[in-house]
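Just so you know, all these numbers are worked out from the coordinates, no wet-lab data involved. What you see is a predicted model; the values in this text were computed from it and never measured. With ideal geometry, Cβ positions are generated from the backbone for all residues, glycine too; neighbour counts draw on all protein chains shown.
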Amino acid sequence: MRGKPAPKRKIEGDQKYNDKNIAKFINYIMRGGKKSIAEKVVFGAFEIVKKETKQDPRHVFNKAIKKIAPLVEVRGKRVGGANYQVPMQVRGERRFNLACRWIIEASTARKGKPMSEKLAAEILDAIKGEGAAVKKREAVHRMAEANKAFAHFSR
């Protein structure tokens, strides 16, 4: 690796809730630099969540992220000419990133509704422990459990 690593940028909270996690989530949803559209999608989804649950959408969103974020994942490691899937703990920042990515993937996979409705439905499903994003987390955990025998290869 040449040079020094790029410095971490400070992200400011979003304009409505002043929450850094929501601002990051908006940035993950954004396509082609169209931040205003991404904000409309997220805030629209939050309004639907607020109507459905009658709770603060920030708390519901954070609960959904907690339910989806993986604790362990498998990483490929080459040992003596063979590749092993080694289970490793996931750092906090990556946990949030993966959870956001899985929510977005699951909601875009749903068909026939506007994105804000699909996103709200996925967040509500995550709270109940259902939905494609939660299934993805369970699959990652199962994979790590199945490869527990190779855990001694992690540094």
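A few remarks follow.
- For log10 I(q)/I(0) by the Debye sum over Cα atoms at q = 0.10, 0.16, 0.19 Å⁻¹, the candidate list reads (1) -0.74, -0.94, -1.15; (2) -0.43, -0.93, -1.14; (3) -0.40, -0.95, -1.26; the entry that matches the value derived from this model is (2).
- Expected 222 nm ellipticity per residue - DSSP helices of 4 or more, -39500 (n - 2.57), all of the chain, to 500: -19000 deg cm²/dmol
- Sorted by Cβ neighbour density within 10 Å, fewest at the top, the residues Ile11, Ile37: Ile11, Ile37
- Annotated for the range 90-155: lysine pairs at least 8 residues apart or interchain, Cα distance under 25 Å, count 12.
- Chain lengthening between Thr53 and Lys4 when straightened (0.36 nm per residue, less Cα-Cα): 13.0 nm
- For the range 37-42, 3J(HN,Hα) computed residue by residue from phi via the Karplus equation (6.51, -1.76, 1.60; θ = phi - 60°) reads 5, 4, 5, 4, 4, 5 Hz, glycine and proline entered as x.
- Met88 paired with Asp19, simple spin-label distance in nm, labels 7 Å along Cα-to-beta-carbon: 3.0
- Fully extending the segment from Arg75 to Lys34, taken as 0.36 nm per residue of separation minus the present Cα-Cα distance, adds 11.4 nm.
- Annotation: amide H-H contacts under 5 Å for Arg75 (H modelled 1.01 Å from N, sequence separation of 5 or more, or interchain): Val86, Met88.
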